[in-house]
Amino acid sequence: MKTFAFTAGFAAILAGAVTAPHAQAADRTASADKTLAAQAEQVFRSGFRRDNPPYWMARIEQDEAMRLCSQYKDDPPDAVRRRIEAAQRATLRYPVDGKLVGDWREGEKLASSGRGGHIGFIQPDPPGTPRGGNCYACHELAKKEVAYGTIGPSLRHFGRLRGGGDDVVRYAYEKIYNSNIFMACTNMPRFGLHSWLTPEQITHLVAFLIDPESPVNKD
Ligand code: HEC
């Protein structure tokens, strides 16, 4: 009887008395997290005017990759990471003529332009403004442009360092088309996936990175 009481008591502690407060605290934290997340979402959404074009408004909805990256705070478990990267790979589209290296001069212009997508009150871009890649916002590229950001690694001498082999060309194209293929939760935008840049424009950026005559490699 005593043994039973002890066992029962011990079991009760294991099942309830000890674990329940932890579980309750975890529940409370989870629900506070949810409330905060919902409030943050509301603040975020209220920053966008309802009369923005539907295409822009559609872009504030997360796709599966973004949702999973948010859920795992950009550090998903391996299996999830591989799932995201495989799904992103399936979105790849190539130029119709299959040529992945375009004209570096066009690429240079695209890399330097951050216009084409400005929304809001101050200086919105008129519809039809050509879009740029804004690569310098995050990367060092040609030597002569000194105003570059450092969110991404330096791409100076990209072609000089890696060569212009088929694998390097394909990697550069695919990376610009959909950067999440190679890093599930990267900060780099998915230029091709979102039709921000056309496949042909991406080939110009590939040339800018790889052509030996491009200022990325020349000086
Ligand atoms: C908002 C910031 C941002 C912008 C804009 C951006 N990138 Fe990136 N890029 C990154 C980050 C961060 C990385 C490193 C993480 C990764 O590999 O995704 C990266 C990585 C890369 C890489 C791979 C580098 C390597 O060592 O293999 C290439 C190539 C690249 N970017 C090209 C471009 C080009 C071309 C543009 C413009 C069309 C561009 N990026 C615009 C943030 C950006």
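Read-outs: derived from the displayed coordinates by stated rules, not from any lab. Worth saying up front: this structure is predicted, and the values here are computed from it rather than measured. Ideal geometry is used to build each Cβ from the backbone, glycine not excepted, and the neighbour counts take in all protein chains shown.
With only the Cα atoms considered, the chain has a convex hull volume of 190 Å³ per residue. Label separation (residue 70 vs residue 42): 1.6 nm, computed from points 7 Å beyond Cα along the C-beta direction. Between residue 59 and residue 99, the C-beta separation translates, for a Förster distance of 22 Å, into a calculated FRET efficiency of about 0.15. Applying 1/(1 + (r/R0)^6) with r as the Cβ-Cβ distance of residue 198 and residue 89 and R0 = 25 angstrom yields a FRET efficiency of 0.80. Placing R0 at 35 angstrom, the Cβ-Cβ distance between residue 170 and residue 23 gives a FRET efficiency of 0.10 after rounding to 0.05.
Pick out, from 21, 35, 80, the residue whose Cα sits farthest towards the positive end of the charge dipole of the chain, with +1 on the Cβ of Lys and Arg and -1 on the Cβ of Asp and Glu. Working it through, the farthest residue towards the positive pole turns out to be 21. When only the Cβ of Lys, Arg, Asp and Glu is charged (+1, +1, -1, -1), the dipole of the chain relative to its Cα centre reaches about 380 debye.
At a Cβ-Cβ separation cutoff of 4.7 angstrom, cysteine residues of the chain with no neighbouring cysteine are 135, 138.
Just report the Cα centroid separation between the range 140-219 and the range 90-138, whole Å. Distance between centres, Cα-based: 12 Å.
When the chain is described by a simple charge dipole with +1 on each Lys and Arg Cβ and -1 on each Asp and Glu Cβ, the residue from 157, 216, 179 located farthest towards its positive end is 179.
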